[in-house]
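Read the structure below first, then the notes.
The values are calculated or read from the model by the stated rules, or taken from the named source; none is laboratory data. If you're wondering where the values come from, they're calculated on a predicted model, not measured in any experiment. Virtual Cβ from ideal backbone geometry, glycine too; neighbours counted across all protein chains shown. Heads up: the accessible areas ignore ligands, DNA and RNA and are worked out on the full protein's heavy atoms, side chains in. Shrake-Rupley method; radii C 1.70, N 1.55, O 1.52, S 1.80 Å.
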Amino acid sequence: MNRRDSLKALGLTTLSTGLLVAACKTDDKKADDSAAGAKFDEQGKQPFEIERDKKLLADSFFTDHEMATITVLADIIIPKDDRSGSASDAGVPAFIGFIVKDMPDHQTPMRGGLKWLDLKCLNLYGKSFVDCSHNQQIEMVTAIAYPAKATLEMQPGVTFFNRMRDLTATGFFSSKMGMKDIGYMGNSPMPGVFPGPPKEVLHQYGFSEKDLNLSLKG
């Protein structure tokens, strides 16, 4: 799968009772997503906002196994390339770990999706997603990454992966690494006198250079 491919949707298939039980077995150990790599800038925040962020950072939601799965998925969606590091290099798993605590609406769909993914991999490969070979992981992701091509039984996976892809892209492109990757420079002062909008932009919105001059003088 290419780096910036879009994906989408999720369904359970037939599983043996043994596999189902194994897949549903939750590692009670919570991931250290409290450390989540997230050092939030307190500048400009109200005290109650700072306290809220600290509390969210101190809590954990995902287990170690879930965080490992999220990390593999995020790096499949945005792998390292010659432009920048991968999603995990940019701290995307930590971002997702924080977001599900900040926005609880993500919790059930994300946990359910991760569980579905493991169940599906157990059914197909006899292993959880993170224990599958890279080729098996790519095969599984490809089956749920393209909504128009996905089979009906893969629709639950498509729904989950759509969310996972959106969170990954949001986390990556809001990081310093992601902003640099797309060449975002932010607001920066322009030296000299601002010449005004380019002629083609003025014309696009029905203005002329004369309108601009009048506006400036007025």
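Points worth noting:
- With 5 Å bins from 0: P(r) over segment 47-182, alpha-carbon pairs, percent: 2, 10, 19, 21, 20, 15, 8, 3, 2, 0, 0
- For Tyr146, the residues 5 or more places off, or on other chains, whose built amide H falls under 5 Å of its own are Lys8.
- Accessible-area ranking of Val158, Val130, largest first, probe 1.4 Å: Val130, Val158
- Placing a pseudo-label 7 Å from each Cα along the Cα-to-Cβ vector at Met190 and His203 gives an inter-label distance of 1.9 nm.
- For the set Lys80/Lys180; Lys149/Lys180; Lys101/Lys127; Lys45/Lys101; Lys45/Lys180; Lys45/Lys176, the pairs lying more than 23 angstrom apart at their alpha carbons are Lys149/Lys180; Lys101/Lys127; Lys45/Lys180.
- Computed from the Cβ-Cβ distance with R0 of 30 Å, the FRET efficiency linking Lys80 to Asp131 stands at 0.85.
- Shape of segment 151-205, Cα gyration tensor, a/c cut at 1.5: oblate
- Average accessible surface area per residue within segment 68-218, 1.4 Å rolling probe, Å²: 56
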